[in-house]
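What follows draws every value from the coordinates through simple rules; no lab data is involved. Keep in mind it's a predicted model, so treat the numbers as computed, not measured. Counting neighbours? That spans all protein chains shown, and the Cβs are built from the backbone with ideal geometry, glycine included.
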Amino acid sequence: MKPLAKLGAVILPLALLTACANTAEMEALKASVEAAQSTADSALVAARNAQATADTAQRSATDAELSAMNAQRAAERAQNAVDACCARIDRMFEKAMSK
């Protein structure tokens, strides 16, 4: 019985040390998981902010494209008016020269 008691006296502290080590490892693992979750949450917020910025840029680009198209149409109308005016002046000049 004495050898069994001595063996128990040796095994019990080893078992307790192992349990403490496992608890410490679990706490370290938990802290590591919480840090990873925090990093992932921060990355998600940054990604959402980037998406919002990209959406705003897309709207601005679309607005700029629409403005450019409107300017192009106005320039074409102005060119047509100039062409018509030049044609009218040419006709008037030719009419004056033929007299």
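Charged neighbours of residue 41, selected by a Cβ distance under 14 Å, balance to 0 (K, R count +1; D, E count -1). Neighbours of residue 57 by Cβ distance under 13 Å: Lys/Arg scored +1, Asp/Glu scored -1, total -2. Charge dipole (Cα centre; +1 on Lys/Arg Cβ, -1 on Asp/Glu Cβ; no other charges) of segment 48-98 amounts to roughly 120 debye.
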